[in-house]
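In what follows, a structure is listed as structure tokens, so that the remarks can point back to it.
The values are calculated or read from the model by the stated rules, or taken from the named source; none is laboratory data. Note that the structure is predicted; figures quoted are calculated from it, not measured. Counting neighbours? That spans all protein chains shown, and the Cβs are built from the backbone with ideal geometry, glycine included. Just so you know, the surface numbers come from the protein's heavy atoms only, side chains and all, with ligands and any DNA or RNA stripped out. Shrake-Rupley method; radii C 1.70, N 1.55, O 1.52, S 1.80 Å.
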Amino acid sequence: MDFELSEEHRMLKDLVARFVKDELMPLEAGVMAREAEGKGLGLDPADHARLDKIAGELGLFGLDAPEDVGGSDLPMTAMVGVEEEIGRCVTPYTLPPDSPNLRMLMQTVNERQRQAYLAPYVAGETISAIGISEPGAGSDPAAMTTTAVRDGEDWIINGRKIWISRAADADFTILMAVTDTEKRARGGISAFLVDKGTPGFNVLRRIPMIGGAYTYEVALEDCRVEGWKLLGTEGNGFAPMQLRLGTRRIEMASWSIGMAQRALDMIVDYAPQRKTFGLPLSERQAIQWWVADAATGIHAARLMTYDCAWKLDQGRDVRQEISMIKSYATEMAFKVVDNAMQTFGAMGMTKELPLQQMANKLRVMRIYDGPTEVHKMVVARNLLGRRR
Ligand SMILES: Cc1cc2nc3c(=O)[nH]c(=O)nc-3n(C[C@H](O)[C@H](O)[C@H](O)COP(=O)(O)OP(=O)(O)OC[C@H]3O[C@@H](n4cnc5c(N)ncnc54)[C@H](O)[C@@H]3O)c2cc1C
């Protein structure tokens, strides 16, 4: 067994680490200050444009996109290291394009969609959203009730979506809808490309989430979508959607490792310096155990995530591994960050350190793309099911 990264992937990880250190870290204090003033967790548009330019020049666009649309076609094992580095900093920047929707598009687009949607997406010219969750269907997306019905060449979509990130800003939303109410998740759910501004795609409200993030509620009211914007084939949207969710979950595990590693690094730097009752915190068993537990959890999560990514790259079914790493890594990192906040005392409660922002990010990550309990249910169901 060889757990070493290849030379090429290690160099890429180092390059992203430098990008994070030189470009993202210097923006972090400003981002946190604006969030503390109630202005949301966003990047100044000029900073965003500058970061895009630098990332593009460094060849960091479309890392896992196909080569024929300008990408580098890198495997998931390479992306784990990239996302771990990105996860270390709370400056909200992701290397374009966002991988989950990219993976879904790659698996489903026809030639026309490839040129119209995939190519500009890979080039970082467009942003996308995904509309799965509904007021009555979150953890169980198969329970969705939004419908798409044929009308001549077009589709008419009706329903309600909620918690949709970027819905108001995205150039297009991949919208999931039921096209066969009998078959549902077994051949009755389809994916559609819905452009920004399409009549009937009505953003109802912006919902402030913890940590300065926002999601949106969207009503689909006789929303007419041209026939060629059906993604993949009719009724077969569920499997590519799961692939998309799987990609995000591996990313989330990688970000969690990055956050936990930074929190651990902060404890290791700070604990020897801070004296209480005449001794540095680093000489207290409570803090030592937090350090040891953090290092152990990070090591375990990293190995599990690389193992999952490697198996995925081999074309293996990794649904079980994905549920394990998504729940394990987010919970592990949440605990590590919480212990780091405790180590820093009152300073750990401020909005001047990145720890509180990491805690907020991890808190929502324990919910979105499947709550921890649901992933544990999946793992247990697979095991218990096998025994029957
Ligand atoms: C910040 C953020 C961004 C999001 N962005 C998007 C987006 O872009 N697009 C999109 O479509 N959705 C998005 N979501 C929605 C997200 O995927 C759902 O919130 C998530 O799937 C959980 O659904 P729910 O909120 O309806 O919780 P519910 O399904 O109501 O579950 C509530 C709780 O019940 C428990 N639970 C549920 N089922 C089980 C079970 N089987 N066994 C044991 N316990 C269970 C869990 O503890 C769970 O946390 C986002 C959510 C957040 C918080």
Size of the chain along its principal axes in angstrom, Cα-based, largest extent first?
79, 57, 41
Residues with amide H under 5 Å from that of I130, placed H, sequence gap 5 or more
S165, I174
Gaussian network model of the chain, Cα springs within a sub-10 Å range: biggest mean-square fluctuation belongs to which of E57, E35, E85?
E57
Starting with the highest mean, order 119-127, 41-49 by the number of other Cβ atoms within 10 Å, averaged over the residues of each peptide.
119-127, 41-49
Rank these residues by their accessible area, most exposed first, probe 1.4 Å: T296, T198.
T296, T198
Share of carbon and sulfur in the accessible heavy-atom surface of the chain [1.4 Å probe, %]
53 percent
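So what's the stretch 294-371 giving for Cα Rg divided by 2.2 N^0.38 Å, two decimals?
Values: Rg = 14.6 Å, N = 78, 2.2 N^0.38 = 11.5 Å.
Ratio of Rg to 2.2 N^0.38 Å for the stretch 294-371: 1.27.
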Placing unit charges on C-beta atoms (Lys and Arg positive, Asp and Glu negative, everything else neutral), compute the dipole magnitude of the stretch 243-388 about its Cα centre in debye, rounded to 20.
600 debye
Measuring with a 1.4 Å probe in the full set of protein chains, what accessible area per residue, in whole Å², belongs to the chain?
47 Å²
Ordering E84, E7, E352, E331 by the accessible surface of their heavy atoms, 1.4 Å probe, largest first, yields E352, E7, E331, E84
Suppose R0 equals 22 Å. What FRET efficiency, 1/(1 + (r/R0)^6) with r the Cβ-Cβ distance, do Q320 and S6 give to the nearest 0.05?
0.30
If you scale each eigenvalue of the Cα gyration tensor by 5 and take the root, what three semi-axes come out for the stretch 177-292, rounded to whole angstrom and sorted largest first?
50, 19, 11
Principal axis dimensions, the stretch 203-255 - Cα atoms, whole angstrom, descending
39, 30, 13
Heavy atoms of D317: accessible area, 1.4 Å probe, square angstrom to 10
100 Å²
Going toward the positive end of the dipole of the stretch 235-388, with +1 on Lys and Arg Cβ and -1 on Asp and Glu Cβ, which of G278, A309, V268 do you reach last?
A309
Taking 2.2 N^0.38 Å as the expected size of a compact globular protein, what ratio does the Cα radius of gyration of the stretch 126-188 give against it, to two decimals?
1.15
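Can you give the net charge of the other residues whose Cβ lies under 14 Å from the Cβ of G235, counting K and R as +1 and D and E as -1? Walk me through the numbers on the way to the answer.
On the way: positive: R150, K183, R184, R186; negative: D180, E182, E234.
My count for the surroundings of G235 gives +1.
Normalised by the residues of the chain, what does the relative contact order come to in percent, with Cα pairs under 8 Å and at least six apart?
On the way: 666 pairs, mean separation 60.4, N = 388.
Computed value for the chain: 16 percent relative contact order.
Starting from the Cα coordinates of the stretch 236-327, work out the convex hull volume and express it per residue in Å³.
Working: hull volume 8.0 nm³, N = 92.
Per-residue hull volume (Cα only) is 87 Å³.
Between K351 and L15, what is the FRET efficiency for a Förster distance of 35 Å, r being their Cβ-Cβ separation, to the nearest 0.05? Can you show the working numbers first?
Numbers: r = 30 Å, r/R0 = 0.87.
Calculated transfer efficiency: 0.70.
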Work out how far the C-alpha atoms of the stretch 44-131 reach from end to end along every principal axis, then list the three figures in whole Å, largest first.
36, 30, 29
